[in-house]
Amino acid sequence: MLFRLLLVFCCAIPLQAQIFTTYNTTNSTLPDNIVNTLLHDANSNTWVGTENGLLQIDADNNWTVFNTSNSGIPGNTIRSLYQDFEGNIWVGTQLNGMGKFDGESWTNYNPLNSGLPEYHVRAFAQSADGTFWIGTPAGLVRWDGADDWFTYPMSDTGFLYINITSVYIDAANQLFMGTINGGLATLIDETVTHYRTDNSGIGDNTIADLQPDADGNLWMATAFGGLVVLTPDFNFLNFNIFNSDIPDLSVNAIDFDADGLGYLAMDAYGLTSFNGSEWETWNTDNSGLPSDYLNDVAVHPDGTIYIATDDAGLSIFDRNATGISSTPSTNVQVYPNPSHDVMVVQAATPLRRVEIRTLQGRYLSAWEPHTNTWVLEVEQLPAGMYQLTVITEKGRSTQQIVVQ
């Protein structure tokens, strides 16, 4: 092993940085470097949907891969993830319908054994009465969770475009749908309305993702119009390369942190944040982000940002990493930092795992101390900056350390 851990106590020196930790098929058990979708569930699990199976990362950082060879999952090409009111995890695939995982076993649905109109399932939502709303390229599906399936066809139900990409239900039980070429569609009191560029102020007709903010606005990731925000009074606000600092017009996904800051997964220009007035962008030129081609973004309850790339695996971004760490969530300390020989890693609860990587996310080594204090000898490392990830029962803390 490259480094040796010993027990010592030293003084602390602060340092701050922003760190990307990347997991791929080379340095981890991630099933594929194409990551399509992400979900942080209510039980502190993170679900990672890839092109070749599903990964579960539990609260103790145990990794479990589900694929058609080792489980009852319906297919390996994962396109959507959802947790229902009962805590079940739903998986939508591109070629094999959808599956429900109850923590023990899978129940699968496809056009041959259910009312699904086709095999590709892009989106899930659930209304207050427990009804499921499922987005597919063949239309919106309403399902009571038992035997009552109904697919909304075109024209006679008011749908002019049925290629559904995303579904959102607000507190008033109003249904919003992103479509391909049909703009934003709403289903309110069984009346369907399409908002397109030719009849409203919306900036694009293809919407990849819908996410509500804390103020009642609905943010839309569009394919060719940048970011569109629908206000509660149904006004459309458009943010594009001509009137803002958004880096490109093609946005794939959106999520928010606890402070309401919006993060946008750009199709080819990295990760962007927007607080309503200011933009900040991270890409392969100015950060440790491993790819500019992103499919999804999901902010973890601990504040770290999980990023699904289209070609470089899963990246975890910690904007608030600190060299001595006094993070409220984990209460981890690392000192002295910088150091030329040893660093103490200390926490209020036992250290379940300690990992060290390069700033580009390349794995170097890891340990499972299961004690509150360990010491890392770093004299064999070349001088420079590294990522140190510490996992305790309180959560994950990623910090930057400096070897002199």
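The values are calculated or read from the model by the stated rules, or taken from the named source; none is laboratory data. Only a predicted model underlies this, so the values are computations on that prediction, with no experimental measurement involved. Every residue, glycine as well, gets a Cβ built from its backbone with ideal geometry; the counts of neighbours run over all protein chains shown.
When the residues of region 334-382 are filtered to those that are within 28 Å of Ala312 (Cβ to Cβ) and among the acidic types (Asp, Glu), the one that is surrounded by the fewest Cβ atoms within 10 Å (Cβ to Cβ) is Glu368.
Scanning region 41-78 for residues that are surrounded by fewer than 21 Cβ atoms within 10 Å (Cβ to Cβ), farther than 18 Å from Val299 by Cα and under 16 Å from the mean Cα position of the chain (by Cα) yields a total of 1. Residue pairs whose Cβ atoms lie under 7 Å apart, sitting 6 or more positions apart in sequence or on different chains, and linking a residue in region 33-60 that is more than 16 Å from Asp310 (Cα to Cα) to a partner that is in a strand (DSSP E or B) and among the charged types (D, E, K, R), do not occur here. Would you be able to say whether some residue in region 24-42 is outside any loop (DSSP other than H, G, I, E, B), at pLDDT 95 or above and touching a Pro at 6+ places or on another chain (Cβ under 7 Å)? Yes, region 24-42 has at least one match.
Annotation note: of Thr193, Thr231, the sole residue that is without any contact (Cβ under 8 Å) to a residue 40 or more places away in the chain and under 22 Å from Phe124 (Cα atoms) is Thr193. Taken across region 238-246, residues that are closer than 23 Å to Val299 by Cα, touching an Asp or Glu at 6+ places or on another chain (Cβ under 8 Å) and outside any loop (DSSP other than H, G, I, E, B) do not occur at all.
Out of Ala253, Ala258, I need the residue that is assigned to a strand (DSSP E or B), assigned by the TED database to the domain that holds Asn205 and within 26 Å of Asn61 (Cβ to Cβ). Which one?
Details: Ala258 fails: assigned to a strand (DSSP E or B).
Matching residue, one of Ala253, Ala258: Ala253.
Can you tell me which residues in region 141-175 are hydrophobic (A, V, I, L, M, F, W, C), out of contact with any Leu (no Cβ under 8 Å at 6 or more places or on another chain), surrounded by fewer than 18 Cβ atoms within 10 Å (Cβ to Cβ) and farther than 14 Å from Thr186 by Cβ? Result: Ala146, Phe150, Ala171. Of the residues making up region 110-128, not a single one is free of Cβ contacts under 8 Å to residues at least 24 places away in the same chain and either within 17 Å of Gly178 (Cβ to Cβ) or assigned to a strand (DSSP E or B) (or both). Of the numbered conditions (1) free of Cβ contacts under 8 Å to residues at least 60 places away in the same chain; (2) surrounded by fewer than 20 Cβ atoms within 10 Å (Cβ to Cβ), Ser287 fails exactly one; give the number of that condition. The number of the failed condition is (1).
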